[in-house]
Amino acid sequence: MQNPLIQVLKKLKLLDDAQVEQALETERETGWPLDKVLLNKGFLSEHDLLKAMSEGLAIPYLETLGNTAVPPIFIEKVPVQFARNYYLIGLEQANGTMRVATASPFDAYPMDDLAAMLGMELEPVLAARTEITSCINKAYRNKQDIVEESVGDLHDVELESFAAGLDDSEDILDVANKAPIIKLVNMLFFQALKMRASDIHLQPFEDRLQVRYRIDGVLYDMESVPKKIQDAVTSRLKVMGKLDIAERRLPQDGRASLRLGDAEVDVRLSIVPTNYGERVVMRLLDKTARLYELEEIGLLEGNLEMIDRYIHYNHGIIFVSGPTGSGKTTTLYSSLKRINSTRLNVMTIEDPIEYHLPGISQIQVNEKKGLTFASGLRSLLRQDPDIMMVGEVRDVDTARIAIQAAQTGHLVFSTIHTNDAPTVATRLLDIGIEPYLVASSVIVAIAQRLVRRICRDCVEAVDPNDEDLFQLKQLGIEPGQLKEPGKILRGRGCGNCYGSGYLERLGIYEILPIEDRIRELIVERSSASRLKRAALETGFRTLRMDGSLKVRLGMTTPEEVLRVTQLDVL
């Protein structure tokens, strides 16, 4: 009789006969459970597989475990590594039976062991590995230091052995039968991704290796790693990034690719030697992150209409400026998404490619092989493009080619590192571009910063204290102008925002159209402050003014705007 799971998968047309035969043959050869075979071969996603297993085995499937309160007896009697290795977590206990979430119901032995540990009957339900692991991390957070438990059995570490069996794209949820150090590193990545961190810092001190996550632009201290395994952790990361594990005196840069279930994540590693050992910083780029619409990134009505107008021009350069991590690339991608069409040839050259845009040809810079922004841009011009995006204008060569493209009928998007919009023009003059070329090719300069958004789950209106009143005064806001007159909105702190009172970020913008009066001043090589004064006469809104407006609308707090903007100096 045919396996009920196979019957359901064929009925739902998720597998064809050839895939069924291949999966069953692999199951016979390896002895692996059928669900593991199907996932390893990539025949279907974990979500589809769990839905099919739910139907075929008549076991409930929970798409989210939400705020599950794990029974204390489970945490007390089941070691965290056992729960992690076999993806098992208790959900509720009643009448001598424990309801247990599992990601692999065909693997019977772990369930038998779990029943013996708990001394009670088990009732299985299905859940995804990411949900179960997240639930495990929350449940065991207060039981014992999570790092110490991950490396409890670690003594002497054979660093070179880490290289064995490393895939090009490592699944950080696959911790079964892995060495303790690998489990620890995977757990650090998993926690960072679940907490929406953009960067992981491993900072060595005299007595420990401190783990820090950058979440919504702010660094938070997390668990610390014992000093005795600092070199082992660093070596594991070097192996993942294909770096030299024997070199500890020179800086190294590398890249790695991770999988979190079905999601692909690019990791860019930077390792530098310090007085207490090597410091590691990792930037996490989620390839499957969704693209934002222009309406979602913080543009208020007037600014949204202005950007929407300029991105539909057929030639010229649109510059977005700001420091690293200020959301410039997200703004450009949102703009490209808005104007992308099968009637247009849209091409980009980036370093790195942060999002994958359907229907758009994207080129990755590779300076080691001679593919720079300038050389790549020259090649793009021979590809008959309508719209081009250049990741960054860093030098005069790239700037000249971008201007040439704009003047020959192409719309060019790019970023540049300046502090505000008027400085974009003076920056181009400083690197050697003639004033008349800047004035005739640049159509709009946009500067932006990111501020944290008040958490919508725990927002509350409170009476402003003296410090709040001082901050409001710095932003030119009277308490009566706030969304709730006389009351200031802030997040109380909850589980969703990890107690910070903020969840996600939004942009604050200043948009400078390069129109007749501004063009004249650029040709005269006027200073950025003179350009700003002229723009203010025509209704230009600075970063601080835009941030102040968003405080009045209850979107963010005064301290956030003051954190990322400076006084408007004219």
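What pairs come out if I take residues in segment 107-123 that are of a type outside the set (Lys, Arg) and pair them with residues that are part of a loop (DSSP other than H, G, I, E, B) and surrounded by 14 or more Cβ atoms within 10 Å (Cβ to Cβ) whose C-beta lies under 6 Å away, six or more apart or interchain?
107/33; 117/78
Out of all the residues in segment 410-422, which are small (Gly, Ala, Ser) and more than 24 Å from the chain's Cα centre (by Cα)?
421
Table: residues versus (1) at pLDDT below 85; (2) in contact with a His (Cβ under 8 Å, 6 or more places away or on another chain); (3) open to solvent by 70 Å² or more (accessible area, probe 1.4 Å).
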residue	(1), (2), (3)
71	no, no, no
79	yes, no, no
88	no, no, no
92	no, no, yes
102	no, no, no
105	yes, no, no
116	no, no, yes
120	no, no, no
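Of everything in segment 183-204, what is in contact with a helix residue (DSSP H, G or I) (Cβ under 8 Å, 6 or more places away or on another chain) and within 20 Å of residue 245 (Cα to Cα)? Give them in sequence order.
183, 184, 185, 200, 202, 204
If you check residue 394 against the conditions, is it among the basic types (Lys, Arg), touching a residue at least 40 places away in the same chain (Cβ under 8 Å), out of contact with any Pro (no Cβ under 7 Å at 6 or more places or on another chain) and part of a loop (DSSP other than H, G, I, E, B)? Don't jump to the end; show me each part of the working.
Details: among the basic types (Lys, Arg): yes; touching a residue at least 40 places away in the same chain (Cβ under 8 Å): no; out of contact with any Pro (no Cβ under 7 Å at 6 or more places or on another chain): yes; part of a loop (DSSP other than H, G, I, E, B): yes.
For residue 394, the condition - among the basic types (Lys, Arg), touching a residue at least 40 places away in the same chain (Cβ under 8 Å), out of contact with any Pro (no Cβ under 7 Å at 6 or more places or on another chain) and part of a loop (DSSP other than H, G, I, E, B) - is not met.
Could you list all residues from segment 258-305 that are acidic (Asp, Glu) and assigned to a strand (DSSP E or B)? Talk me through it step by step, then tell me what you get.
Here is the first cut: in segment 258-305, the ones acidic (Asp, Glu) are 262, 264, 266, 278, 286, 293, 295-296, 301, 305.
Those that are acidic (Asp, Glu) and assigned to a strand (DSSP E or B): 264, 266, 278, 286.
Could you go through segment 370-377 and let me know if any residue there is in contact with a His (Cβ under 8 Å, 6 or more places away or on another chain) and assigned to a strand (DSSP E or B).
No, that holds for no residue.
Condition first: open to solvent by 10 Å² or more (accessible area, probe 1.4 Å), part of a strand (DSSP E or B) and hydrophobic (A, V, I, L, M, F, W, C). Now tell me which residues in segment 410-462 satisfy that.
Hits for segment 410-462 are 443, 450, 459, 461, 462.
Which residues, taken from segment 326-358, are crowded, with 16+ Cβ neighbours inside 10 Å, of a type in the set (Gly, Ala, Ser) and farther than 22 Å from residue 428 by Cβ?
Answer for segment 326-358, where residues must be crowded, with 16+ Cβ neighbours inside 10 Å, of a type in the set (Gly, Ala, Ser) and farther than 22 Å from residue 428 by Cβ: just 334.
Among the residues of segment 202-234 satisfying the criterion of being more than 15 Å from the chain's Cα centre (by Cα) and under 25 Å from residue 453 (Cβ atoms), which is most open to solvent (accessible area, probe 1.4 Å)?
Within segment 202-234, the match that is most open to solvent (accessible area, probe 1.4 Å) is 221.
Suppose we filter segment 473-504 for residues that are surrounded by fewer than 21 Cβ atoms within 10 Å (Cβ to Cβ) and either touching a Ser or Thr at 6+ places or on another chain (Cβ under 9 Å) or touching a residue at least 24 places away in the same chain (Cβ under 8 Å) (or both); how many remain?
19
More than 33 Å from the chain's Cα centre (by Cα) and not hydroxyl-bearing (Ser, Thr, Tyr), is that true of residue 469?
Details: more than 33 Å from the chain's Cα centre (by Cα): yes; not hydroxyl-bearing (Ser, Thr, Tyr): yes.
For residue 469, the condition - more than 33 Å from the chain's Cα centre (by Cα) and not hydroxyl-bearing (Ser, Thr, Tyr) - is met.
Identify the single condition in (1) at pLDDT 85 or above; (2) more than 23 Å from the chain's Cα centre (by Cα); (3) open to solvent by 10 Å² or more (accessible area, probe 1.4 Å) that residue 148 does not satisfy, given that it satisfies every other one.
(1)
Determine which single condition residue 8 fails, assuming it passes every other condition in (1) open to solvent by less than 80 Å² (accessible area, probe 1.4 Å); (2) among the aliphatic types (A, V, I, L, M); (3) modelled with pLDDT of 80 or more.
Tallying (1) open to solvent by less than 80 Å² (accessible area, probe 1.4 Å); (2) among the aliphatic types (A, V, I, L, M); (3) modelled with pLDDT of 80 or more, residue 8 fails exactly one: (3).
Looking at the structure I just gave you, is residue 266 in contact with a Lys or Arg (Cβ under 9 Å, 6 or more places away or on another chain), of a type in the set (D, E, K, R) and closer than 30 Å to residue 564 by Cα? It would help to see each step written out before you state the result.
Numbers: in contact with a Lys or Arg (Cβ under 9 Å, 6 or more places away or on another chain): yes; of a type in the set (D, E, K, R): yes; closer than 30 Å to residue 564 by Cα: yes.
Spelling it out, residue 266 is indeed in contact with a Lys or Arg (Cβ under 9 Å, 6 or more places away or on another chain), of a type in the set (D, E, K, R) and closer than 30 Å to residue 564 by Cα.
Please specify each residue of segment 223-237 satisfying the condition of being at pLDDT 90 or above, in contact with a Leu (Cβ under 6 Å, 6 or more places away or on another chain) and closer than 15 Å to residue 276 by Cα.
230
Consider only pairs whose beta carbons are under 9 Å apart and that are at least six residues apart or on different chains; among these, list those whose first residue lies in segment 415-441 and is of a type in the set (Ser, Thr, Tyr) and whose second residue is in a loop (DSSP other than H, G, I, E, B) and open to solvent by 30 Å² or more (accessible area, probe 1.4 Å).
Listed by first residue and then by second, the contacts come to 415/392; 426/525; 426/527; 441/315.
Quick grid of which residues meet (1) within 21 Å of residue 206 (Cα to Cα); (2) among the small types (Gly, Ala, Ser); (3) surrounded by fewer than 15 Cβ atoms within 10 Å (Cβ to Cβ):
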residue: 236; (1), (2), (3): yes, no, no
residue: 251; (1), (2), (3): yes, no, yes
residue: 284; (1), (2), (3): no, no, no
residue: 296; (1), (2), (3): no, no, yes
residue: 300; (1), (2), (3): no, no, no
residue: 310; (1), (2), (3): no, no, no
residue: 324; (1), (2), (3): no, no, yes
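Output the helices (runs of 4 or more DSSP H) that fall wholly within segment 6-73 and possess 3 or more residues being closer than 30 Å to residue 137 by Cβ and in contact with a strand residue (DSSP E or B) (Cβ under 8 Å, 6 or more places away or on another chain), or say none. Please lay out each step first, then the result.
Working: elements: 17-30, 34-40, 46-57.
The helices (runs of 4 or more DSSP H) meeting that bar are 46-57.
Counting only residues that are open to solvent by 50 Å² or more (accessible area, probe 1.4 Å) and under 29 Å from the mean Cα position of the chain (by Cα), how many does segment 373-409 have?
Of the residues in that region, 2 qualify.
Can you tell me how many residues within segment 126-141 are farther than 20 Å from residue 183 by Cβ and either at pLDDT below 85 or touching a Phe, Trp or Tyr at 6+ places or on another chain (Cβ under 7 Å) (or both)?
1
Residues in segment 497-520: is at least one out of contact with any helix residue (DSSP H, G or I) (no Cβ under 7 Å at 6 or more places or on another chain), under 30 Å from residue 213 (Cβ atoms) and of a type in the set (Phe, Trp, Tyr)?
Yes, segment 497-520 contains a residue that is out of contact with any helix residue (DSSP H, G or I) (no Cβ under 7 Å at 6 or more places or on another chain), under 30 Å from residue 213 (Cβ atoms) and of a type in the set (Phe, Trp, Tyr).
Give the residues of segment 528-563 that are open to solvent by 60 Å² or more (accessible area, probe 1.4 Å), touching a residue at least 24 places away in the same chain (Cβ under 8 Å) and out of contact with any strand residue (DSSP E or B) (no Cβ under 9 Å at 6 or more places or on another chain), sorted by residue number.
Of everything in segment 528-563, those that are open to solvent by 60 Å² or more (accessible area, probe 1.4 Å), touching a residue at least 24 places away in the same chain (Cβ under 8 Å) and out of contact with any strand residue (DSSP E or B) (no Cβ under 9 Å at 6 or more places or on another chain) turn out to be 533, 552, 553.
The values are calculated or read from the model by the stated rules, or taken from the named source; none is laboratory data. These numbers were taken from a predicted model, which means no experiment stands behind them. No Cβ is skipped: glycine too gets one built from the backbone with ideal geometry, and neighbour counts run over all protein chains shown. In case anyone asks, the SASA skips ligands and DNA or RNA and just uses the protein heavy atoms, side chains included. Shrake-Rupley method; radii C 1.70, N 1.55, O 1.52, S 1.80 Å.
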